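Novice: Here it is, the structure, as structure tokens.
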Amino acid sequence: MAELVFFCGTMDSGKSTLALQLDHTRAARGLVGLLFTRRDRAGHGRLSSRLGLERPATEVAEDDDLWNAVVDERLAGRRTDYLVCDEAQFYTPAQVDQLARVVDELDVDVFAFGITSDFRARLFPGSRRLIELADRVEALQVSALCWCGARGTHNARTVAGRMVVDGAQVVVGDVSAADSGTPPPVHPLAPTGRTPVAVEDDVAYEVLCRRHFMRRMTASAARAAQLSPDVLPWSWEQCPIDPHAQLADEPLSTGDGRATRSA
């Protein structure tokens, strides 16, 4: 029986790498699949990983009907055994419904890959619908790490080195790609529904654990706050000795102007 499976994780957790590996494994066994993506970092109609692997794929537009895309393949006499859908957080809820229909009515496996939440820690509409409909939701075992070494769970946006939870939508990558007629890739953490704008040089993204996401503590902020390992933290509140008390080996006043020394 075919399944709709949603593989999810933060940035740098190997989602696209797994998508390409899954396609390779099935193609090696003689199965035929369709690759879909949206707003990949490598540009229009590409499915790429940060390891340098890359394949051509069908770019999914806002108004595309994925059910019709598979049916058209069948009507043309071409097999379709499975779908690989990368950057699935950008798909519309209606398109996720279409993927579920492909599984149920055409008995075609659908493997979706994406980020669950944006830089505000809010679920993407496409990811939310996948969680609602998927037969299985698989968290990737290769976890990105926070700067502290803990498992990274949240995607943070920084502007000029400071973490933000709101602001304009951005585009990452080479913005000069727009001059060539190829739409520049949109960062996977930019919420959908608005026209993205070109990224500024001081905008970046970082994976954090929940504790440091809630504290707005990025790697650069931690470095700025970190004391030298050779310097002890000092506070009178933490000092066990009364700062106003005299030491035992110092002269003690007798009250008449004469100094004595304790035994």
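The values are calculated or read from the model by the stated rules, or taken from the named source; none is laboratory data. Source: prediction; values computed, not measured. Here Cβ is always computed from backbone atoms with ideal geometry, including for glycine, and neighbour counts include all displayed protein chains.
Condition check ((1) touching a helix residue (DSSP H, G or I) at 6+ places or on another chain (Cβ under 9 Å); (2) modelled with pLDDT under 80) across all residues:
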residue	(1), (2)
Phe6	yes, no
Thr17	no, no
Gly33	yes, no
Arg38	yes, no
Arg46	no, yes
Arg55	yes, yes
Asp64	yes, no
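Novice: Now for a different question. Restricted to segment 152-163, and to residues that are part of a loop (DSSP other than H, G, I, E, B) and out of contact with any Phe, Trp or Tyr (no Cβ under 8 Å at 6 or more places or on another chain), which residue is surrounded by the fewest Cβ atoms within 10 Å (Cβ to Cβ)?
Specialist: First pass over segment 152-163, keeping only residues part of a loop (DSSP other than H, G, I, E, B): 152-153, 160-161.
Applying the additional criterion that residues be out of contact with any Phe, Trp or Tyr (no Cβ under 8 Å at 6 or more places or on another chain) yields 152, 160-161.
On the way: Gly152: 25, Ala160: 11, Gly161: 13.
Here the residue is Ala160.
Novice: In segment 110-134, how many residues are of a type in the set (Gly, Ala, Ser) and not in a strand (DSSP E or B)?
Specialist: Step one: filter segment 110-134 for residues of a type in the set (Gly, Ala, Ser), giving 112, 114, 117, 121, 126-127, 134.
Cutting the leftovers down to not in a strand (DSSP E or B) gives us 121, 126-127, 134.
Number of matching residues: 4.
Novice: Which condition from (1) modelled with pLDDT of 95 or more; (2) touching a Ser or Thr at 6+ places or on another chain (Cβ under 6 Å) is the one that Thr116 breaks?
Specialist: (1)
Novice: Let me ask something additional. For segment 137-151, state whether one or more residues are buried (at least 18 other Cβ atoms within 10 Å of the Cβ), under 19 Å from Asp63 (Cβ atoms), in contact with a strand residue (DSSP E or B) (Cβ under 9 Å, 6 or more places away or on another chain) and not charged (D, E, K, R).
Specialist: Looking through segment 137-151, none of the residues is buried (at least 18 other Cβ atoms within 10 Å of the Cβ), under 19 Å from Asp63 (Cβ atoms), in contact with a strand residue (DSSP E or B) (Cβ under 9 Å, 6 or more places away or on another chain) and not charged (D, E, K, R).
Novice: Yes or no: segment 156-177 includes at least one residue that is closer than 22 Å to Cys8 by Cα, modelled with pLDDT of 85 or more and hydrophobic (A, V, I, L, M, F, W, C).
Specialist: Yes: one or more hits.
Novice: Which of the residues belonging to segment 144-158 are touching a residue at least 40 places away in the same chain (Cβ under 8 Å), over 12 Å from Arg216 (Cβ atoms) and not charged (D, E, K, R)?
Specialist: In the first step, residues of segment 144-158 are kept if they are touching a residue at least 40 places away in the same chain (Cβ under 8 Å); the result is 144-148, 150-158.
If we keep only those that are over 12 Å from Arg216 (Cβ atoms) too, we end up with 144-148, 150-153, 155.
The answer is Ala144, Leu145, Cys146, Trp147, Cys148, Ala150, Gly152, Thr153, Asn155.
Novice: Cβ-Cβ distance below 8 Å, separation of 6 or more or different chains: which pairs start in segment 45-67 with a residue that is closer than 12 Å to Leu34 by Cα and end on one that is in a strand (DSSP E or B) and of a type in the set (Lys, Arg)?
Specialist: Every condition considered, the pairs that remain are Leu47/Arg55; Arg55/Arg46; Pro56/Arg46; Ala57/Arg46.
Novice: Can I ask one more? Filter segment 110-149 down to residues that are within 30 Å of Ala225 (Cα to Cα) and among the hydroxyl-bearing types (Ser, Thr, Tyr) and give me whichever is nearest to the chain's Cα centre (by Cα).
Specialist: In this case the residue turns out to be Ser117.
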